[in-house]
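Here is the structure we will look at, set down as structure tokens.
The values are calculated or read from the model by the stated rules, or taken from the named source; none is laboratory data. Note that the coordinates shown come from a computational prediction; the quantities given were computed from them, not determined experimentally. For neighbour counting, all protein chains shown are included, and Cβ atoms are generated from backbone atoms with ideal geometry for every residue, glycine included. Only protein heavy atoms, including side chains, enter the accessible area calculation; ligands, DNA and RNA are left aside. Shrake-Rupley method; radii C 1.70, N 1.55, O 1.52, S 1.80 Å.
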Amino acid sequence: MRQVVVYELLSLDGVAEDPDVFITGWDGMMDANLAAVIAEQDTVLLGRNTYEDWARFWPQSDIEPFATFINGVSKYVVTSSPLGVEWAKARAVDRELVDFVRHLKEGPGGHIGVHGSIRVAQALLAAAVVDELRLVIAPKVVGRGRRLFEGLPPIEFQAVRTAASPSGHLLVDYRTMSGSPIQLDRASR
């Protein structure tokens, strides 16, 4: 069975929104970490806002290792309306997200990645379909912004790897402990 892997850039206080504000010292170890994450993925799930931003940026980017990966991988966009910006191998999810992801997990292929897309990650965490979290935690408190775990009830994780990069970022991989789906409060979606 395929695994769903959520890769997020976070501030020390858990903010995931606008990571360019708090990720300021990208280094070779962080590049290698990202390369290892994406090497196992052949499918990516994106929220509508992330898709719109990235579809305008990544096709012209030469920032590696991510540009080649994200431009060539199959991308499923969680949206209720047609995609406004075209991007290679991108299509809208045509049914309820959790059912769609469960169906993807049962099919052939590599890992299914969630990059950015806070609401998508939260919905999948709440539905207990995420297998792993791969976090890059910046040594900076932001104070404001949407947090990855905001609105989620307790979820248990097992740490499988931790490392500190030369620029002081923590690279932390967690495996989710099995459990039953959790209902998110509609206001937090």
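Brief remarks on what is shown
- Among the residues of the stretch 13-21, none qualifies, meaning not one is surrounded by fewer than 22 Cβ atoms within 10 Å (Cβ to Cβ), under 23 Å from ARG175 (Cβ atoms) and more than 17 Å from the chain's Cα centre (by Cα).
- Scanning the stretch 120-142 for residues that are over 21 Å from TRP26 (Cα atoms), assigned to a loop (DSSP other than H, G, I, E, B) and of a type outside the set (A, V, I, L, M, F, W, C) turns up just one, ASP131.
- Test: residue in the stretch 164-172 that is surrounded by fewer than 16 Cβ atoms within 10 Å (Cβ to Cβ), out of contact with any Gly (no Cβ under 8 Å at 6 or more places or on another chain) and not in a loop (DSSP other than H, G, I, E, B): yes
- The one condition from (1) of a type outside the set (Val, Ile, Thr); (2) open to solvent by 40 Å² or more (accessible area, probe 1.4 Å); (3) farther than 25 Å from ALA127 by Cβ; (4) in contact with a strand residue (DSSP E or B) (Cβ under 9 Å, 6 or more places away or on another chain) that MET30 does not meet is (2).
- Residue pairs whose Cβ atoms lie under 9 Å apart, separated by 6 or more positions or on different chains, with the first residue in the stretch 12-30 and more than 9 Å from VAL142 (Cα to Cα) and the second of a type in the set (Gly, Ala, Ser) and open to solvent by 80 Å² or more (accessible area, probe 1.4 Å), do not occur.
- Checking the stated criteria, VAL160 turns out to be outside any loop (DSSP other than H, G, I, E, B) and either at pLDDT below 95 or exposed (fewer than 15 other Cβ atoms within 10 Å of the Cβ) (or both).
- Out of GLY113, GLY145, one residue alone is assigned to a strand (DSSP E or B) and either within 21 Å of HIS169 (Cβ to Cβ) or among the acidic types (Asp, Glu) (or both). It is GLY113.
- Residue count, the stretch 68-109 (criterion: open to solvent by less than 20 Å² (accessible area, probe 1.4 Å) and either over 24 Å from LEU148 (Cα atoms) or touching a Gly at 6+ places or on another chain (Cβ under 9 Å) (or both)): 2
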